[in-house]
Each structure stands twice: as structure tokens, then as C-alpha cells.
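Input: a single structure, listed below in C-alpha cells.
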Amino acid sequence: MLLPNNIPLTRPIKQLLMISADALMVVMALVFSFLLLGKDLSALGQRFYLYLALATTLSILFFIRIGLYRVLVLYMGLQAVFLTLQGVTFATCLLAAAYYFAQSSVGADLSVFPIFWMISLLFIGGSRFVAKVLLLALIQNFRPKQPVIIYGAGSSGMQLVVALQNGEQYLPVAFVDDSQEMIGSTVHGIRVFSPNSLSELIETYSVRQILLAVPSATHTERKEILNRLEHLPVRVRTVPDLFDMVVGKVGVDEIRDIDIEDLLGRNIVPPNPELLGACISGQSVMVTGAGGSIGSELCRQIITSNPVRLVLLDSFEFGLYEVEAELKENLKAIENGDAVEIVALLGTVCNRVYMENAIKSFAVDTVYHVAAYKQVPMVEKNIVEGAQNNVFGTLISAQAAESLQVKNFVFISTDKAVRPTNYMGATKRLAEQVLQAMAKRGSRTRFSIVRFGNVLGSSGSVVPLFRQQISTGGPVTVTHPEVSRYFMTVQEAAQLVLQAGSMATGGDVFVLDMHEPIRIVDLARKMIHLMGYGVRDENSFSGDIAIEYTGLRPGEKLYEELLIGESVTGTEHTKILRAEEATLDWQALQGLLSKLEDACQKIDLPTIKRILLEAVDGFEPNKELSDPLWDISATPNQSENAGYHDYPLLQQTDADKVTPLFKD
């Protein structure tokens, strides 16, 4: 912006203009005050005008001193009001003193100055308010904002509305709140309405987004609110949680889509600190598969319980690099975090020598065995590698831990291991039986198994897939209209795994309370609605996003289970159950594992299937081995050159002969 003679309207020039305007308004306020009381200004004398000039100058200097001219009019808030009040009060006192000394010979009537105080406050404060309104109106005309409704008129809603009013993207038009005390009131110039008025407000203001500002609400309360908003033709987004509110992190940049855990309505039980740190505090801990979603979250939780050392092991180089860098950064914010040693090892759990050396080199006390192939369709097409990694990777890790007298070995399993219909589930169940048999025959290492369902945010989760499909216009793909799954957040799952491992006595099968299963198609519909779209189906051809059924994938079940038998008991934690399940003894299992090892070396798929059917009770594969994708076993004498292992899988190395390779 330029002045008439092409002088740029810089910040100092703007401040000079405001100073001149304030000086003029102080004089005008005094003149009006005398006129309102019928005073004769001409009778005041020259001496008063000298005092008036001096008092006005001193008032402006005081305005400058308290920082009134550092406040930007466009972003003026409550602090500017206090500064204006302070400055006007000081100016009133100065002018009253000037008038008193100028008129001391004839007697000074000070009744005019309360009126002056009110008029000058109106002039100086009111002019700034009018200027702010005009500037906002001009900005909105040139940069139209998107009207939004804020659900929640509490502290977070108030912070959010201030950020939005000063921003360039959103225009808050109404508050909605469940509190009867708030309904009908006005917050920052915006009225608070009842949730029953939402449909009318959306239509009146052409609203396309509702911003959820209730960070202190429980998951159950948030789910109830979202159920109320789901049918409305708007996109529902949210602001940060209560911690971010405390540090003042609420603004336009922090607005995000609804988290899927809000749709589940699960209230997470706070972890028991004693259980959480029993296998970790002051110990050396190893996490296999540390670069994956579950393994990395376990690592984040572990470093908060003061281990001496955390050993990260994974064959996925980039994932290992990322989690190592993140954990080292996180340790800076943890008390005594610099005392925790982070070790990243790139390797596979199928290498016996490597595992034994890693455990011995870093004196591992507890192993959380997460490493596994978990994608059902992928393992269906790669059965040999699925068996090698899931079964023998677990066996080798467990035997290495046992021979080196590791105190605790916690195996992360899956609900797909219960009466499996796929090879991933069958190999995980056989791995469970390996640990149960090792514990049953007697071992100093406490082996335990923690079994749970789908983890939100893990690799392969349907949630990011659905969100991406909705963002690109659909269709959203669901395998079957009746397919349902158990869900749990990765943070809750990791906390429960750590606590379950602390309660192990040997051979335990812990099952996490996953609440009720959720139909995937219902989840898809909720996500479509809450992202502001309608579902296009046989009942509504005018919808925006279609749901397409693709059919069950190879090995996929309609429903998942968590228990093999009916015998289940509670534990010290309300969300963790202990299952009593039958298993093979070590002698019988060893024979089956030997045959499975030989079949894997020969890539003998029919034999692998036959062994898994014999070893895993309830295994009913729904995919025939005639699929050409599996037929890679035609090369003659391949078993002679397989070379996957240079040592028998079932052989155990003497711990005393293990030479540490990772340290000097």
C-alpha cells in the first residue's frame, strides 16, 4: 500500500499515523467532555492549554512505553483491551492533574474527567475495534473463507475460533455444544447452539465441515458424537488431544481427519506401571521385527520404562534405520534417556549363529519376538518362506534364548492362528505350539504367547487404504458384506503385550480383550460419511463413493476368533485373559518339525500342507495347491542346492561355544 506521494505504508509510518490519531482523539475527548458539562473553554486560560499539550505528549509517550503501538490491529485481542484501558487511565490522571494546577487559583472542578475517561476509551479503543472489523471485512471479500461449525465451546473451541478468525481458510459461523449452560450464550462473537440445530445451521450457512473440539472427551463420548454427526452431509474433522491443548498447540495446521479409534469408542485402561516395567526396567531387551508397525511401537513403549539396552533386530533395512533414528531422538525427552543404549542389528531370525551371537553379545534378558510374515494373501503364495520365517524363525530365536538363559521370551501371535483357514495362521499356530512344548518340557526361559486381532495403523490395515480410496473418489473395496474383524490401536496393543509378558509363568497363552468385532463394510460407510461424502449403492444412486465387493481373498475368513478352547481365566489386568489350550508335547512336535524342515528345503508343497494339517488342529485351507503361482518346485535336485540354511534347523548350539561377534 502506498501514500499519495508513492511513500510506502511501512510499519513505522502506520505507527506514526496511529500516534497522531490518538493525540487528536485525546484532545477531542477532553473538548467533548467540557461541552457536555456546559463548561466555557475560553475561560480556561493559556496556562491550561500549555498543560494540556504537555499532558497529551506524556500520555502518548506512555502509550508507546506500554507497547500499545506494537499491537497489530488485525490481530488485536484481550491484551490490547487492557493496554488501552491502562493508557487511557494514565492520560486521564495526567490531564486531571494539569487542569487542577492550571485552575488552582479559581478552584478546579474535576467532575469532567470521569466523562473524559469514558469518551477517550470509546475513541481510542472503539476506533481500533472498528478498524479491525473493516480490515476483516475487506480480507473476507478478497479471500472468501469456508464456513465451518465448531462442535465444543470449551477452552479448545475458544482457542480454535481465535486461530480461525485470524486465519485465511475457515470462517467459524456457529458453536454447537452439549452443555445446557452454554447453549444460547455467545463466545468470541459466535452463538452457541444445541446439537439439534445442526441440520438447520448446515443449510443456513452452507457449511461443509464440522470441526470437533472436544479433546477431553472419552473415546465412548467421542463415538456418540460421531454417531450423531454421521448422517449429516458434512466432513467431520478434529483438533489435537488434551496434551496438545495444554501446550497451546491448537490452530489451523493441527486440524486433521477423524482418527479411526474415535469410531471404535474404546476407552483405554491406563497401564499398570509395575507390570509395564517388570521385564524391562534395568534389563537388556531385544525386539525382533523392530522395524514394523507393532515392533516399532513396542520399542517406543519400552524406552519409557528405563531399560539398560534396547536391541532392535530386523531384516528390513529402511524400517530399522527409521526406528533407530526416532528412538534416539525420543530419548532426548526422557529423563535419564541418555543412559539407554540403542543397538540396531540388520539380520534375520532364521540365522541361528547370528541370533545366538546377538543375544550373548548384548546380554539380552527379555526377547519380544514380533518378526513374522503377516500378510495372508502373500503367505498363501509363498508358503515355504512363510513356514521358514514364522515357524523356524520362532524356533531358532526361542532355542537361542533358551540356550543363553534369557529370562523372558514373549511371542506376538494373531487371532488368525485360531482354527486357521490360511497358511499364515497355520504357521503362527505351529509357532505357538513350539513355544508351548518347549515350556512344557521344562525351561529356565519363561515362554509366553500374546494373541490379538487387527491393529489399527499397522502395515496392511484397511483404514489408510479406505482413506486413500475415498480421497481419490472411490470405489472403496470390501471383500465381503459380512466380513468382520477385531480392532485395537497399536499403542494399546503394545502396552498390553508388555504387561502380559510380565505375568507369564511359562507356556502361557494370553488373549487381549478386543471387545466386539466390527463389520468392515460398516467401518467403510462411517469413514465415507465422516469425510463428507455419501455412499452410492442400490439404495442411493446419487451418492458420491461406491462400495465394491471384491470377494474373499485366498485364506481369508468371514469371522476371526481369539480362543481355541472354552477354558479361559482372568489375570491381574482387566483387558488380558489367560487361555488354557491343548498342545503337542516336544517329542511328537520335534518329529513333525524335522519333516517340515526337509519339505521346506525341497520346496515340497504337498508335504508342507500335510504336515500343517497334522500339526495344527482345526486347520482347513480353502485354497488348493494346484494354483500355478505356487508351482515352483519343478527344478530337479533343487534340495541339494537350496542353501537356505547351512545347519540343521533343529540343532542347538552349545551356549559356551558361542563367540560374541558384535562387540570387541
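The values are calculated or read from the model by the stated rules, or taken from the named source; none is laboratory data. This one's a predicted model, so the numbers in the text were calculated from it and none came from an experiment. Cβ coordinates were reconstructed from backbone atoms using ideal geometry, including for glycine residues, and neighbour counts include every protein chain displayed. Accessible surface areas use protein heavy atoms only, side chains included; no ligands, DNA or RNA. Shrake-Rupley method; radii C 1.70, N 1.55, O 1.52, S 1.80 Å.
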*In terms of modelled amide H atoms, which long-range or inter-chain residues lie less than 5 Å from the amide H of Asp508?*
Ile449
_Heavy-atom accessible area order for Thr186, Thr220, largest first, 1.4 Å probe_ = Thr186, Thr220
_Can you give me the accessible area per residue for the range 263-410, using a 1.4 Å probe, in Å²?_
36
*For the peptides 384-392, 196-204, what is the packing order when you average, over each peptide's residues, the other Cβ atoms within 10 Å and list the highest mean first?*
384-392, 196-204
*Phe411, Phe32, Phe129, ranked by accessible area, largest first (probe 1.4 Å)*: Phe129, Phe32, Phe411
*asked:* Skipping prolines and chain starts, which residues have an amide H placed within reach, meaning under 5 Å, of the one on Ile518, given they are 5 or more residues away or on another chain?
replied: Arg485, Tyr486, Phe487
*Ignoring any ligand, DNA or RNA, what whole percent of the accessible area of the range 389-541 comes from carbon and sulfur when the probe is 1.4 angstrom?*
48
*Going out from 0 in 10 Å bins, what whole percent of all Cα-Cα distances in the range 424-471 drops into each bin?*
21, 31, 23, 16, 7, 1
_Packing-based order for 590-598, 445-453, using average beta carbon neighbours within 10 Å, highest first_ = 445-453, 590-598
*Pull up all non-local amide H partners of Tyr549: gap of 5 or more, or a different chain, and H-to-H distance under 5 Å with H placed in the peptide plane.*
Val478
*For each pair in Lys440/Lys557; Lys328/Lys428; Lys381/Lys557; Lys557/Lys609; Lys428/Lys602, compute the distance between the two Cα atoms and list the pairs where it is over 28 Å.*
Lys440/Lys557; Lys328/Lys428
*Ignoring ligands, DNA and RNA, how do Trp117, Trp586 rank by accessible area with a 1.4 Å probe, largest first?*
Trp117, Trp586
*Highest mean first, what order results for 484-492, 426-434, 363-371, 599-607 on Cβ atoms within 10 Å?*
426-434, 363-371, 484-492, 599-607
*Given R₀ = 22 Å, FRET efficiency for Val130-Thr89 by Cβ-Cβ distance, to 0.05?*
0.55
*Obtain the nm distance between the two label points defined at Thr472 and Ser155 by a simple spin-label model: each point lies 7 Å from its Cα along the Cα-to-C-beta direction.*
4.3
